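Colleague: My questions will all concern the structure given below.
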Amino acid sequence: METSRRGAIGLGLAGMAGVAPAIAEARSAPRALFVSTWDFGVAANAAAYARWKARGTLLDALEAGAQVPESDPTNHSVGYGGYPDRDGHVTLDAILMDDAGNMGAVAALEDIMHPISVARRVMEKTPHTMLVGEGARQFALAQGFKPVKLLTPEAEAAWRDWLKTAKYQPIANSENQRGSALDHDTIGMLACGPDGRLAGACTTSGMAFKLRGRIGDSPQAGCGLFVEKGVGGATATGVGEEVTRIAGTARVVASMRAGMTPAAACREAVLHIAALRGVAVKDAQVGFLAIDTHGQVGGYALQPGFTFAVTDLEGRTEVRAAESLTRPRGTK
């Protein structure tokens with residue numbers, strides 16, 4: 001216990017110096033409309049923006065955006081082409097929610113290309129907020145979704161190669177290392193309309209080679225995604241278990257409600273994980289991304305390398321690198 005406490009303190013102190021610029025957001029920055037995790041969020045944001053410009057709602061836009069990585073066979077952390085569990089099954093999780101209390105989610109869904117769309121049907125067609133496993137699959141088929149083989153030859157080859165040693169080793173920032181063996185995870189998307197209304201989406205194939213039945217933070221409201229009217233929204237990426245332990249996105253939004261900027265609120269959650277878990281997370285990656293009702297955005301991560309895509313009201317998109325608790329190797 002004492003060793004873990006010292007590790008947490010050391011990790012926290014290592015990240016304290018020099019982070020002030022990361023948590024001071026300029027109100028003169030262009031107002032963000034969509035923001036999403038990782039560099040592949042650029043294509044997702046573009047699809048979301050096109051749907052929004054065509055007079056779609058924020059939920060319409062987010063659904064369209066999330067479908068892009070879900071159908072990309074080269075993206076091994078989301079949807080079709082995602083790496084399977086230890087038994088060779090690709091299982092998908094997704095959530096969609098707005099700031100009026102509408103939400104739907106699915107978890108451990110198999111054989112369906114777009115779990116984000118099934119999550120929306122859960123929201124609109126049932127009195128429930130989440131369906132899982134075979135029940136979620138049966139619901140999707142009843143709603144007209146067609147079964148699809150999600151395990152691609154490339155993903156199957158990676159799984160069979162992993163079976164030779166069956167050694168699981170997390171790789172930080174694997175979402176930006178396309179084609180590597182993934183330990184996580186996600187695209188999380190947030191939207192803030194010109195009127196300050198909010199919505200969010202999150203979709204994933206989860207941790208590569210996970211135990212069958214494992215569910216991470218992504219489809220859980222308050223863990224992988226949370227939005228609150230009049231305050232803001234947050235999404236998370238990285239090792240889902242660490243996010244779930246602290247109800248991470250609910251914590252970020254609560255900090256924003258208390259007056260923190262999006263970046264400061266994300267940083268507070270990361271600091272809490274570091275203090276709580278100590279050396280257990282010294283090599284893990286967890287990143288939080290948030291937006292407020294003014295369209296101001298912030299992100300923060302345990303490790304360097306977390307990136308996110310920001311699209312403004314004019315459709316201009318840039319990829320930003322989040323500040324982190326630990327510094328890149330070779331820096332002082």
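The values are calculated or read from the model by the stated rules, or taken from the named source; none is laboratory data. This one's a predicted model, so the numbers in the text were calculated from it and none came from an experiment. Methodologically, a virtual Cβ is constructed for each residue, glycine included, from the backbone with ideal geometry; neighbour enumeration extends over all protein chains shown.
Colleague: Tally time: how many residues in the range 254-296 are of a type in the set (Val, Ile, Thr), more than 15 Å from the chain's Cα centre (by Cα) and within 21 Å of residue 36 (Cβ to Cβ)? Write out each step before concluding.
Modeller: If we filter the range 254-296 for residues that are of a type in the set (Val, Ile, Thr), which is where we start, we get 261, 270, 273, 279, 281, 286, 291, 293.
Of the ones still in play, those that are also more than 15 Å from the chain's Cα centre (by Cα) are 261, 273, 279, 281, 293.
Then drop every residue that is not within 21 Å of residue 36 (Cβ to Cβ), which leaves 261, 293.
So the count comes out to 2.
Colleague: Another question, if that's okay. Report whether or not residue 103 is buried (at least 17 other Cβ atoms within 10 Å of the Cβ) and touching a strand residue (DSSP E or B) at 6+ places or on another chain (Cβ under 8 Å). Don't jump to the end; show me each part of the working.
Modeller: Values: buried (at least 17 other Cβ atoms within 10 Å of the Cβ): yes; touching a strand residue (DSSP E or B) at 6+ places or on another chain (Cβ under 8 Å): yes.
So residue 103 passes the test.
Colleague: What about residue 110, is it in contact (Cβ under 8 Å) with a residue 24 or more places away in the chain, touching a strand residue (DSSP E or B) at 6+ places or on another chain (Cβ under 8 Å), charged (D, E, K, R) and surrounded by 22 or more Cβ atoms within 10 Å (Cβ to Cβ)?
Modeller: Values: in contact (Cβ under 8 Å) with a residue 24 or more places away in the chain: yes; touching a strand residue (DSSP E or B) at 6+ places or on another chain (Cβ under 8 Å): yes; charged (D, E, K, R): yes; surrounded by 22 or more Cβ atoms within 10 Å (Cβ to Cβ): no.
Here the answer is no, as residue 110 does not meet what is asked.
Colleague: For the condition surrounded by fewer than 23 Cβ atoms within 10 Å (Cβ to Cβ) and at pLDDT below 90, what is the one hit in 179, 213? Spell out the reasoning first.
Modeller: Details: 213 fails: at pLDDT below 90.
It is 179.
Colleague: Quick check, is residue 243 free of Cβ contacts under 8 Å to residues at least 60 places away in the same chain, in a helix (DSSP H, G or I) and either among the β-branched types (Val, Ile, Thr) or out of contact with any Gly (no Cβ under 9 Å at 6 or more places or on another chain) (or both)? Steps first, answer last, please.
Modeller: Details: free of Cβ contacts under 8 Å to residues at least 60 places away in the same chain: yes; in a helix (DSSP H, G or I): yes; either among the β-branched types (Val, Ile, Thr) or out of contact with any Gly (no Cβ under 9 Å at 6 or more places or on another chain) (or both): yes.
In short, yes.
Colleague: Cβ-Cβ below 7 Å, separation at least six or inter-chain, first residue in the range 84-102 and in contact (Cβ under 8 Å) with a residue 60 or more places away in the chain, second acidic (Asp, Glu): which pairs?
Modeller: Listed by first residue and then by second, the contacts come to 89/110; 90/110; 91/85; 91/110; 96/63; 99/228.
Colleague: Additional query: Is it fair to say residue 97 is in a strand (DSSP E or B) and over 21 Å from residue 214 (Cα atoms)? Before the answer, list the steps.
Modeller: Values: in a strand (DSSP E or B): yes; over 21 Å from residue 214 (Cα atoms): yes.
In short, yes.
Colleague: While we're looking at this one, here's another question. Considering only residues that are in contact with a Leu (Cβ under 6 Å, 6 or more places away or on another chain) and of a type in the set (Lys, Arg), which ones fall in the range 279-305?
Modeller: If the condition is that a residue be in contact with a Leu (Cβ under 6 Å, 6 or more places away or on another chain) and of a type in the set (Lys, Arg), then no residue fits.
Colleague: Conditions first: (1) at positive phi; (2) in contact (Cβ under 8 Å) with a residue 24 or more places away in the chain; (3) among the basic types (Lys, Arg). Residue 120 passes all but one, so which condition is the exception?
Modeller: Tallying (1) at positive phi; (2) in contact (Cβ under 8 Å) with a residue 24 or more places away in the chain; (3) among the basic types (Lys, Arg), residue 120 fails exactly one: (1).
Colleague: Would you mention how many residues in the range 133-151 are in a helix (DSSP H, G or I) and polar (S, T, N, Q)?
Modeller: Going through the range 133-151, the residues in a helix (DSSP H, G or I) turn out to be 133-142.
So of that shortlist, the ones also polar (S, T, N, Q) come out as 138.
The number of residues fulfilling the criteria is 1.
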